[in-house]
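The values are calculated or read from the model by the stated rules, or taken from the named source; none is laboratory data. Predicted model only: the values in this text are computed from it and were never measured. Quick reminder, even Gly has a Cβ in these numbers, built from the backbone with ideal geometry, and neighbours come from all protein chains shown. Note: accessible area is taken over every heavy atom of the protein model, side chains too, but ligands, DNA and RNA are not part of it. Shrake-Rupley method; radii C 1.70, N 1.55, O 1.52, S 1.80 Å.
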Amino acid sequence: MSAPDSTHAVPVAPRPGDPDITAELVDEHGLSPKEYERIQRIMGREPTFTELGVFSAMWSEHCGYKNSKRLLSTLPTKAPWVIQGPGENAGVIDIGDGYALAFKIESHNHPSAVEPYQGAATGVGGILRDIFTMGARPIAVLDSLRFGDLDSGRVRYLFSGVVEGIGDYGNCVGIPNIGGEVQFDRGYEGNPIVNAMCLGLMKKEELITAVAEGAGRPLMAVGARTGRDGIHGATFASEELSEDSDESSRPQVQVGDPFTEKLLLEASLELIASGAISAIQDMGAAGITSSASEMAGRGGSGVDLEMADVPVREPGMTPYEILLSESQERMLVVAEEGREDEVHRILEKWELEAAVIGQVTDHGRFRILENGEVVADIPALPLTEGCPTYERPGEESEEVRGLREMDLSEHLIPRGDLVKSFLLVLGSPNVASKRWIHDQYDTTVRTSTVVPPGGDAGVVRIRGTRRAVAATTDCNGRYVYLEPGTGARAAVAEAARNLVCTGALPTAITNNLNFGNPLKPHIYHQFRESILGMKEACQVFETPVTGGNVSFYNETDGRAIYPTPVIGMVGVVEDVDHITPQGFQEPDHRIVLLGENTAELGGSEYLYVTADLVAGPPPRVDLLAERDLQRAVLSMVHKGLLASAHDCSEGGLACCLAESALKGVEGGLGISVRLEDALPPVAVLFGEAQGRIVVSCAPDDERAVLEVAESHGVPARSIGTVRDADHRFSVTLPDATLEVPLARLSETYEGALPALMDSPTPSSD
Amino acid sequence: MKVAVVTFPGSNCDYDLYKAVQQVGGDPTFVWHRERGLEGYDAVMLPGGFSYGDYLRGGAIARLSPVMEDVVAYARSGRPVLGVCNGFQILCEAGLLPGALVRNDSLKFRSFPVRLRVERTDTLFTEGYEEGQILRIPIAHGEGNYEADEATLRRLEDEGRIVFRYVDASGEATDEANPNGSWHNIAGIVNEGGNVLGMMPHPERAVEELLGSTDGLALFRAMARALSPAAP
């Protein structure tokens, strides 16, 4: 790179009391010797301690994306309906009728592993701020969660703490929770995954971006005061955890205050509407440092910030601490010159503080003052854009290859009673009802939730229009672990399938890439293959990626989580009449299976619960067949042919049918289904073949449903009939039968999580 | 019907109440908690949410807001006041209704539709219901466990001031049907004059078929009918 322009550089003296910059100190800041050399070149001198801290945060994995940027840049990001792609606080798409939807997902894995309640709560807070700083009012949140197996007391503690944290924060701010997913598997034992996604609605013209332009405009800190919490959180999130992370890392976890957040939300939207500000950004990861330098970087301008003017919680904070604090519920605002009083008035109404802490400049530098003395002076653009990026060597681990190539044929032979296996799979926390979670979330506030959590996707109507938006999060980490490319394609395909089942057209994606340490070749391999698979699927479904988040280093004591590239997908429902339920609606309705059963069993929940195995090749994904299937279902929806639609995923066809039966009107409906496949019953019932959707329709519409499927080249067949509530759940195969009373099914499905969580048996840990 | 929807810092169901009032032809206005003067309104509504973050106790700080002096005077003059969820908590804290709402017995936030039995139909709020009618209305609260001393409970029962009770599908007020541990399955009560109603469930979330229930609509319609000068 060329030497940066140093025209505007000013001399900076070290602060008294600053430690000397040693190789150890550089290392503690997560910077390699090469990266440090680059910093010296950019600065044209040794950085001070404060400057080192700033670089450390901005060049952390969390802010600088140094090991992911190159691959991420290959993902499709454009479409005519994309208004704002990656690089802003959130992506924004046009959803019609003059409205735009801002949406984004973000991880809070590391903090949640250490302090589940606050870790999860502040995760929700952060993602809400990313949305309302775009000018959009948050209308829904979703959560994608992963934990170890629930027989561990520690895992139950993490799980219940995370759920309570998410609930308390979102409930208090008043944003409905509309869905998400959770998976329990020993692959997440020490490292839970907590990804929060938020959707926000605005009129297209209300969009505001976080660009600091116009020298002389005042910069204002708005909201909560800056304290000593979360210092270096971004750097912390870019390291592996170890056994003693628990106690020692707690000070790096921020503490949330949803009440202040609610006030900040209202104040921010009022500020934006007033026109008194030109830009706004959350002080999220790396606090003032990242918000100020990123806003300057985007505008090609500079900033002067006076640390003595930053409202702080306690006296004696150094510039280093103020710059790197991750205290929550704070915003940085670029005000219009001369309208500072208006900003103050709006903030006062909402009982919040605002203070002018600096100004936009045209010198292109990120300059920090303390009582008028310059304590840091860094060229802004190299700070935000100059972070070195890497492509790492990647190689699949032998262990995983061995697992994938394992012969599973013995598992296709039923282990005793099929009904017993069925109830075991249905009652597994990965398949069973998640009501234990959702009952703790306000799902109906804002009175627009049409499909609450528990459906294939959450759906929220747009007041004043016929439209609605649907959203889902999906990723089966087992599939990705066993074969990353296939797993990532499956995640995108399933997300799209889920949206289609509710009647929505898949439109765009935000992704949350949760992986282990990318410096390890087998992890980088997982990452690279996942991105390539995701890219391919996004192209086929025409769902561009408008932003997201990368979370590496999800490892404890050297053991990585399953690679988990969570897909947060949004879709548009053109008319609320198209919204289709998951459950069967009426006795005598016909049940139609779209797509094909296969003999695949790899990566299935059945293998996990019956043989304690995560092995075999994950189910194949035929993207073009998926697209045809989804187009067919949308066409059926638009023609008004479907009474219900449900995606077939974890737990296979048997569990898919059980869910549609149990979620049938008024507490459930029986079914009689006949499956004639010449395949092993275990595979037909519990295999997780992709590209399948179970729909139901009135008897008169059966023909039309089959015809639409045929015209799209989608295999389809009637497999049975919906019965009344007194009828059993009955599925007949050539050499086997599943006959279960509905009540027993319901007990298993609804009772599983409460039994594990509310009256757990004591465990050893 | 001109309605003041009083908004506190942390209210979050204000907009939902506003829309429900509009839906029945009412004319709602947001009144910020620091504003004064409720004389021009036909009814006052206190929305749900987390006023002051529920710090200390739900409604405990909101009752000290300047506007509450006017709300108390408004209620004491016999005019209609409806408090939903956090609004119910504020009414209790302000002494306009007896008893208190404490932490749910499960110690968890609970959010789902519940069944309510209408116990009285001779109030301004419930004229549109049949006695014994069972409603499906969502709850969403962490502190909805209604408590009062024995004497107060007896008075509430004797004077017929319990307006809504949590019940099961067959209309029985069982423990299983009680989502929060409220004494006597109490979901909503009125004051002695019958002009102040506090309830934990959210009638404003049950006004559209699209969203799953219209059982709350009759409450707003009854108010609109009684309070609109030229009601049709």
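Below, the figures for the structure above:
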quantity: Residue within segment A:635-644 that is of a type in the set (A, V, I, L, M) and in a helix (DSSP H, G or I) present; calculated: yes
quantity: Of all residues in segment B:103-133 being within 14 Å of chain A (Cβ to nearest Cβ) and assigned to a strand (DSSP E or B), the one that is surrounded by the most Cβ atoms within 10 Å (Cβ to Cβ); calculated: B:SER111
quantity: Scope segment B:184-223; condition away from chain A (no Cβ under 14 Å), open to solvent by 10 Å² or more (accessible area, probe 1.4 Å) and either of a type in the set (A, V, I, L, M) or under 22 Å from B:GLY78 (Cα atoms) (or both); matching residues; calculated: B:ASN191, B:GLU192, B:GLY193, B:GLY194, B:ASN195, B:ALA218, B:ARG221
quantity: Among the residues listed as A:VAL469, A:VAL451, the single one being at pLDDT 95 or above and either open to solvent by 10 Å² or more (accessible area, probe 1.4 Å) or within 14 Å of chain B (Cβ to nearest Cβ) (or both); calculated: A:VAL451
quantity: Matching helices (runs of 4 or more DSSP H) fully within segment A:288-390 where at least 1 residues are over 34 Å from the mean Cα position of the chain (by Cα) and over 24 Å from A:ILE131 (Cα atoms); calculated: A:340-349
quantity: Qualifying residue in segment B:20-32 (condition: within 17 Å of B:PHE125 (Cα to Cα), touching a strand residue (DSSP E or B) at 6+ places or on another chain (Cβ under 6 Å), assigned to a loop (DSSP other than H, G, I, E, B) and modelled with pLDDT of 95 or more); calculated: yes
quantity: Selection from segment B:154-164 of residues that are open to solvent by 10 Å² or more (accessible area, probe 1.4 Å) and over 15 Å from B:PHE125 (Cβ atoms); calculated: B:ARG154, B:ARG155, B:GLU157, B:ASP158, B:GLU159
quantity: Residue in segment A:32-67 that is surrounded by the fewest Cβ atoms within 10 Å (Cβ to Cβ), counting only those that are among the basic types (Lys, Arg) and in a loop (DSSP other than H, G, I, E, B); calculated: A:ARG45
quantity: Considering residues of segment A:731-751 that are closer than 14 Å to A:LEU675 by Cα and not β-branched (Val, Ile, Thr) only, the residue surrounded by the fewest Cβ atoms within 10 Å (Cβ to Cβ); calculated: A:ASP735
quantity: Of residues in segment B:36-68 being of a type in the set (Phe, Trp, Tyr) and within 14 Å of another protein chain (Cβ to nearest Cβ), the one nearest to A:PRO176 (Cα to Cα); calculated: B:PHE50
quantity: Residue match in segment A:520-539 (condition: assigned to a loop (DSSP other than H, G, I, E, B) and in contact with a strand residue (DSSP E or B) (Cβ under 8 Å, 6 or more places away or on another chain)); calculated: yes
quantity: Matching residues in segment A:496-519 - criterion: being assigned to a helix (DSSP H, G or I) and either of a type in the set (Val, Ile, Thr) or in contact with a Phe, Trp or Tyr (Cβ under 9 Å, 6 or more places away or on another chain) (or both); calculated: A:ALA496, A:VAL500, A:THR502
quantity: Within segment A:149-241, strands (runs of 3 or more DSSP E) holding 2 or more residues that are open to solvent by 20 Å² or more (accessible area, probe 1.4 Å); calculated: A:177-184, A:193-203
quantity: Considering residues of segment A:394-425 that are in contact with a strand residue (DSSP E or B) (Cβ under 9 Å, 6 or more places away or on another chain) and in a helix (DSSP H, G or I) only, the residue surrounded by the fewest Cβ atoms within 10 Å (Cβ to Cβ); calculated: A:VAL419
quantity: Selected residue (only one of A:LEU513, A:LEU482, A:LEU505, A:LEU499 is more than 23 Å from A:GLY571 (Cα to Cα) and either modelled with pLDDT under 95 or away from every other protein chain (no Cβ under 14 Å) (or both)); calculated: A:LEU482
quantity: Flag if A:SER409 is farther than 11 Å from A:ALA140 by Cβ and free of Cβ contacts under 8 Å to residues at least 24 places away in the same chain; calculated: yes
quantity: In segment A:698-728, the residues that are under 25 Å from A:SER746 (Cα atoms) and acidic (Asp, Glu); calculated: A:ASP724, A:ASP726
quantity: Residue that is farthest from the other protein chains (Cβ to nearest Cβ), among those in segment B:69-85 that are surrounded by 22 or more Cβ atoms within 10 Å (Cβ to Cβ) and part of a helix (DSSP H, G or I); calculated: B:ALA75
quantity: Only listed residue being touching a Ser or Thr at 6+ places or on another chain (Cβ under 6 Å) and either aromatic (Phe, Trp, Tyr) or more than 27 Å from A:ASN517 (Cβ to Cβ) (or both), chosen from A:ASN109, A:ASN89, A:ASN191, A:ASN171; calculated: A:ASN89
quantity: Considering residues of segment A:282-302 that are within 15 Å of A:GLN359 (Cα to Cα) and in contact with a strand residue (DSSP E or B) (Cβ under 6 Å, 6 or more places away or on another chain) only, the residue surrounded by the most Cβ atoms within 10 Å (Cβ to Cβ); calculated: A:ALA292
quantity: All positions within segment B:134-153 that are β-branched (Val, Ile, Thr) and buried (at least 22 other Cβ atoms within 10 Å of the Cβ); calculated: B:ILE137, B:ILE139
quantity: Answer from A:VAL459, A:VAL480 - the residue that is in a helix (DSSP H, G or I) and open to solvent by less than 10 Å² (accessible area, probe 1.4 Å); calculated: A:VAL480
